[in-house]
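Q: Structure provided below as structure tokens; questions to follow.
The values are calculated or read from the model by the stated rules, or taken from the named source; none is laboratory data. What you see is a predicted model; the values in this text were computed from it and never measured. When we count neighbours, we look across all protein chains shown, and the Cβ atoms used for this are built from the backbone with ideal geometry, even at glycine.
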Amino acid sequence: MPTIFIRLKNNSETVYFQSIMGTYAHIAWVRTENPASGVMHVIHTPDLAGETRAILDKLKKELEFEEVMENGQTISNPGADRDEG
């Protein structure tokens, strides 16, 4: 499944982020495999990639987070010509 990996600046906002994304469960869902890493997986279907990115863009106005690679490394140009699968 296509996945966007993000890391919140403030880990204490994880529950808030997950509860907001939970209202969009018909578009994408969130999974945290390793809470210590702080990297969350936003999983979506290929046909809903645009909608998922739009939701994340709006959430950036409320929460500070960055898109990262699966291993947690920062991406220099997130969302640009990336294969999300």
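Q: Please work out if Ser37 is in contact with a Gly (Cβ under 6 Å, 6 or more places away or on another chain) and surrounded by fewer than 17 Cβ atoms within 10 Å (Cβ to Cβ).
A: Values: in contact with a Gly (Cβ under 6 Å, 6 or more places away or on another chain): yes; surrounded by fewer than 17 Cβ atoms within 10 Å (Cβ to Cβ): yes.
In short, yes.
Q: Looking at segment 2-23, is at least one residue surrounded by 18 or more Cβ atoms within 10 Å (Cβ to Cβ), within 16 Å of Asn71 (Cβ to Cβ) and among the aliphatic types (A, V, I, L, M)?
A: yes
Condition check ((1) free of Cβ contacts under 8 Å to residues at least 24 places away in the same chain; (2) within 12 Å of Thr52 (Cβ to Cβ)) across all residues:
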| site | (1), (2) |
| --- | --- |
| Phe17 | no, no |
| Ala28 | no, yes |
| Arg31 | yes, no |
| Val39 | no, no |
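Q: Shifting gears a bit: Go through (1) modelled with pLDDT under 95; (2) under 10 Å from the mean Cα position of the chain (by Cα); (3) not acidic (Asp, Glu) and name the single condition Leu56 misses.
A: (1)
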